[in-house]
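Below is one structure, written out as structure tokens, with a few remarks after it.
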Amino acid sequence: MSAVRASYGPVESQARQQIAERIARASAPRVPSVPRRHRLADRLRRVADRLEG
């Protein structure tokens, strides 16, 4: 298999590397940018606004 891969040029191997990185990034668990307590506070605020309105 490595003999086949050696026939690819630098562009193809770079493309394969980028695809592999993208797949690894997509399969990795996402870390939410907003902390859980902030999301909870936003949700509680929305519920409170609904109750008042």
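The values are calculated or read from the model by the stated rules, or taken from the named source; none is laboratory data. All of these numbers come straight from a predicted model, not from anything done at the bench. Here the Cβ positions follow ideal geometry from the backbone for every residue, glycine too, while neighbour counts run over all protein chains shown.
The residues in segment 19-32 that are of a type outside the set (Ser, Thr, Tyr) and surrounded by fewer than 10 Cβ atoms within 10 Å (Cβ to Cβ) can be counted, and the count is 8. Do you know which of the residues in segment 1-52 that are over 24 Å from the mean Cα position of the chain (by Cα) and assigned to a loop (DSSP other than H, G, I, E, B) is modelled with the highest pLDDT? Here the answer is GLY9.
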